[in-house]
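Just below is one structure, and these are the notes that go with it.
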């Protein structure tokens, strides 16, 4: 069997565990068509347009079989496997691996626009989206510089960093299914130590960890309403503000 059928089977397994029955059954048909006819057309027809496979989000609100804590891990693995299947469906015999944190993940998002985007244009759009979504997300006061992030956002960051590495090490259908199980249980070798180190690095970078709901407005530090969604990139053992944020006031920290 090829990596394509392995990825399809793992994706079907994830959807079944999550209770996403419509798309689980769609994937089962994809698997049958590949095994019987080496046909990928049904799978590729799932992407693009309203109500497509691209619109599926595994979450408590959508009544899937996940907890709030599982959402970042299950959804990130779902997105990676989905992107993996989409790309491999174009070259199903290719033994492809995930080369970096964001490789393959965003290809399905642009499938509806493939007629209007050149390969170079699609790659550029994917790279831009990859940069924005692989960062640590949170809020910052643009007046005083106070910044914060949530435990949920930290888990989302960890999932984006760690899951592609585990996927790259999964060579068989059994190993891919085990990875799906790990995403639901959030049990990975060294995850506790990695999580603790990441949280400490965030604190040492001057970012407060909170578990508030909703927007950070007003700022809990200075009371200003001049707050915004903010992103940080990990570099040189620190979380530093990414260049695509709104500017802070000159007197802000």
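State whether the stretch 1-57 is rounded, prolate or oblate according to the following rule on the C-alpha gyration tensor (a ≥ b ≥ c being the square roots of its eigenvalues): a/c under 1.5 gives rounded; otherwise a/b larger than b/c gives prolate, and the remaining case gives oblate. Numbers along the way, then the final one.
On the way: a/c = 2.04, a/b = 1.29, b/c = 1.58.
Since a/c reaches 1.5 but b/c is at least a/b, the shape of the stretch 1-57 is classed as oblate.
Hey, could you grab the Kirkwood Rh for the stretch 136-253? Inverse mean 1/r over distinct alpha carbon pairs, Å, one decimal. Provide the component values of the computation, followed by the final result.
Numbers: mean 1/r = 0.0634 Å⁻¹.
Kirkwood hydrodynamic radius for the stretch 136-253: 15.8 Å.
With a 10 Å Cβ neighbour count serving as the proxy for reagent exposure, in which order, fewest first, do 95, 25 appear?
Values: 95 10, 25 13.
Neighbour counts put them in this order, fewest first: 95, 25.
Classify the stretch 199-249 as rounded, prolate or oblate, taking a ≥ b ≥ c as the square roots of the eigenvalues of its Cα gyration tensor: rounded when a/c is under 1.5, otherwise prolate if a/b is larger than b/c and oblate if not.
Numbers: a/c = 2.16, a/b = 1.39, b/c = 1.55.
Note, shape of the stretch 199-249 comes out oblate.
Per-residue counts of other Cβ atoms within 10 Å, averaged by peptide: what ranking do you get for 216-224, 191-199, highest first?
On the way: 216-224: 15.7, 191-199: 13.2.
Result, highest mean Cβ count within 10 Å first: 216-224, 191-199.
Tell me whether the stretch 17-103 comes out rounded, prolate or oblate; compute the Cα gyration tensor, take square roots of the eigenvalues as a ≥ b ≥ c, and use a/c under 1.5 as the rounded threshold.
Working: a/c = 2.08, a/b = 1.38, b/c = 1.50.
Here the stretch 17-103 falls in the oblate category.
Every number here is computed from the coordinates shown, using simple stated rules; none is lab data. None of the values given here were measured: they were computed from a predicted structure. Every residue, glycine as well, gets a Cβ built from its backbone with ideal geometry; the counts of neighbours run over all protein chains shown.
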